[in-house]
1. If amide hydrogens are placed 1.01 Å from N in the peptide plane, which non-local residues have theirs closer than 5 Å to the one on PHE105?
2. Just checking the chain: which Cys have no other cysteine's beta-carbon under 4.7 Å?
3. Given a 1.4 Å probe and every protein chain left where it sits, what share in percent of the accessible area of segment 15-92 is carbon and sulfur?
4. Please list, in order along segment 106-119, the HN-Hα scalar couplings obtained from phi with the Karplus expression 6.51 cos²θ - 1.76 cosθ + 1.60 (θ = phi - 60°), rounded to whole Hz, x for Gly and Pro.
5. Using the Karplus curve 6.51 cos²θ - 1.76 cosθ + 1.60 with θ = phi - 60°, work out ³J(HN,Hα) for each residue of segment 5-12 in order, rounded to whole Hz, and write x for Gly and Pro.
6. Among the aspartates and glutamates, which have Cα under 18 Å from the Cα of LYS88 when same-chain residues fewer than 8 positions away are ignored?
7. For PHE69, enumerate residues with amide H under 5 Å from its amide H, sequence gap 5+ or separate chain, H modeled in the peptide plane.
8. For segment 88-93, what does the Karplus curve 6.51 cos²θ - 1.76 cosθ + 1.60, with θ = phi - 60°, yield as ³J(HN,Hα) per residue in whole Hz, taken in order and with x for Gly and Pro?
Amino acid sequence: QVQLVESGGGLVQAGGSLTLSCVTSGRTFSTFNSVAMGWFRPAPGKERAFVAAITWSELYYADSVKGRFTISRDNAKNTVYLQMSRLKPEDTAVYCCAAHRGGNFYFRTSYGYWGQGTQVTVSS
């Protein structure tokens, strides 16, 4: 059974930082280092908007988070992280991690497995 479990969300003041984790398990992740992973969050008009993605060697970011968020992975722990700094109230959302299955890294349809998400709330 494939599972993606996010954690690390919470309430933080604007300008603060949080680090999200996504632990994966299941046959799909038996070779975790070969699976590209992404983070998404809702946006106006979009159920899930791209935030960041990581392959074994490349990083991708949405313009809105570039320079503030950092995606990373620990292949030994089958875990992907999203370090968020200089948070803004507009970053408030449920953040979901997802496993890439093919196609453009920026499109949610390119991801086949999803976690339930973790809530991030940024107060002004």
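1. none
2. CYS96
3. Numbers: 1950 of 3950 Å².
Carbon-and-sulfur percentage of accessible area, whole number: 49.
4. For segment 106-119, the Karplus-derived couplings read 7, 9, 5, 5, 7, 10, x, 10, 10, x, 7, x, 9, 7 Hz, x marking Gly and Pro.
5. Karplus values, whole Hz, x for Gly and Pro: 10, 8, 7, x, x, x, 9, 9.
6. Straight-distance partners of LYS88: ASP63.
7. SER85
8. 10, x, 6, 7, 4, 4
The values are calculated or read from the model by the stated rules, or taken from the named source; none is laboratory data. Note that the coordinates shown come from a computational prediction; the quantities given were computed from them, not determined experimentally. Neighbour counts run over all protein chains shown; Cβ positions are idealised from the backbone, glycine included. For accessibility, only protein heavy atoms count, side chains too; no ligands or nucleic acids. Shrake-Rupley method; radii C 1.70, N 1.55, O 1.52, S 1.80 Å.
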